[in-house]
Amino acid sequence: MSTTWNDEDLKEMASQLSSPKGDNGIKTGERMAISNENMIARTIQQLDIKANDHVLEIGQGNGSHVNSIITKSTGVHYFGIDISETMIEEATRINRAFVDKNVVSFELSNGHDIDFQSGSFDKIFTVNTIYFWETPDVYAKEIYRVLKPGGSFSIGFADKDFMKKLPFTKWKFRLYDKETVSETLIKAGFSIAKITQEKENIKGSLGDFIERDIIIITAKKL
């Protein structure tokens, strides 16, 4: 039996996807962790994380994937920032053992500034957050600033042509293709190293199974 979604339902879904809040936000975080699992893994893979790397993730959600990053090599330190207080709390809870060992930390972000010193990170990545950046050109420059020279930034997102078919993306979302994201990164100072395009089958936010077109762009700070 199919579910009928009205505009208020869809608007609330868009709001939760942009910044999960409360009990519904926790459930949204769990769904996102499942639906984005492959995209997260593929985006991380592009970074080629090495021993002692300092890794920043922008918008980590509930952070259920952080274990896979910390165990990639010795001495890896992970930092997650998110605009959702609910997701910061959930990620901290799920990764309590790593947090207590001081190899993982999570901080609330305002979505405009990245509150770290310039050149703090060897690798930076983000998955399905660019839709919600209020000032993409400015934020891309912030990412560039906190990345070390020679460092890599990897960004995963779903293609505009796919996203515009989803009924909830007319609220909160700004949609992108590979050309627009590449241009934004180049303007910020990055050099594009690799662009990967793939298709994947996922259970979507509306509960249906869909084929999604994903793009992963890896850029370098020279």
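The values are calculated or read from the model by the stated rules, or taken from the named source; none is laboratory data. Model, not experiment: these values are computed from the prediction. Backbone-built Cβ (ideal geometry, glycine too); neighbour counts: all protein chains shown. SASA here: full protein model, heavy atoms, side chains in, ligands and nucleic acids out. Shrake-Rupley method; radii C 1.70, N 1.55, O 1.52, S 1.80 Å.
Just add up the charged neighbours of residue 154: K/R +1, D/E -1, any other residue whose Cβ is under 15 Å from the Cβ of residue 154.
+4
What's the local net charge at residue 189, with K and R +1, D and E -1, over the other residues with C-beta under 14 Å away?
Spelling it out: positives minus negatives among the neighbours equals +3.
Based on the alpha carbon coordinates of the stretch 1-69, what radius of gyration and maximum Cα-Cα distance (Dmax) apply, in Å?
My reading of the Cα-based Rg and Dmax gives 15.2, 51 Å.
Give a residue-ordered list of calculated ³J(HN,Hα) values for the stretch 60-65 (Karplus: 6.51 cos²θ - 1.76 cosθ + 1.60, θ = phi - 60°; whole Hz; x for Gly, Pro).
7, x, 7, x, 5, 9
Multiply the residue gap between residue 120 and residue 37 by 0.36 nm, knock off their C-alpha separation, and tell me the result in nm, one decimal place.
27.2 nm
With a 1.4 Å probe and all protein chains in place, put 212, 93 in order of accessible area, largest first.
93, 212
Below 8 Å, C-alpha to C-alpha, sequence gap of six or more: please give me the relative contact order for the chain in percent.
RCO, the chain: 20 percent.
Can you list the residues of the stretch 160-177 with backbone N under 14 Å from a point 7 Å past the Cα of residue 199, pointing along Cα to Cβ?
Counting only backbone N, you get 162.
Per residue of the stretch 111-128, in order, report the coupling 6.51 cos²θ - 1.76 cosθ + 1.60 (Karplus, θ = phi - 60°) as ³J(HN,Hα) in whole Hz, putting x for Gly and Pro.
x, 10, 10, 10, 7, 9, 5, 4, x, 7, 10, 7, 9, 9, 8, 7, 10, 6
Among residues other than residue 86 whose Cβ falls under 13 Å from its Cβ, what is the net charge (Lys/Arg +1, Asp/Glu -1)?
Charge balance near residue 86 sits at -3.
For the chain, with a Gaussian network of springs between Cα atoms less than 10 Å apart, report the residue from 23, 137, 177 with the top mean-square fluctuation.
Looking only at 23, 137, 177, the biggest GNM fluctuation is shown by 23.
Report the label-to-label distance for residue 73 and residue 27 in nanometres (one decimal), using points 7 Å from each Cα along the Cα→Cβ vector.
Label at residue 73, label at residue 27, 4.1 nm between them.
Give me the percent of the accessible area of the chain that comes from carbon and sulfur atoms, probe 1.4 Å, all protein chains in place.
Looking at the chain in its full context, I get 49 percent from C and S.
Given (i) 30; (ii) 23; (iii) 18 as candidate values of percent of Cα pairs over 30 Å apart, which corresponds to the one derived from the coordinates?
(iii)
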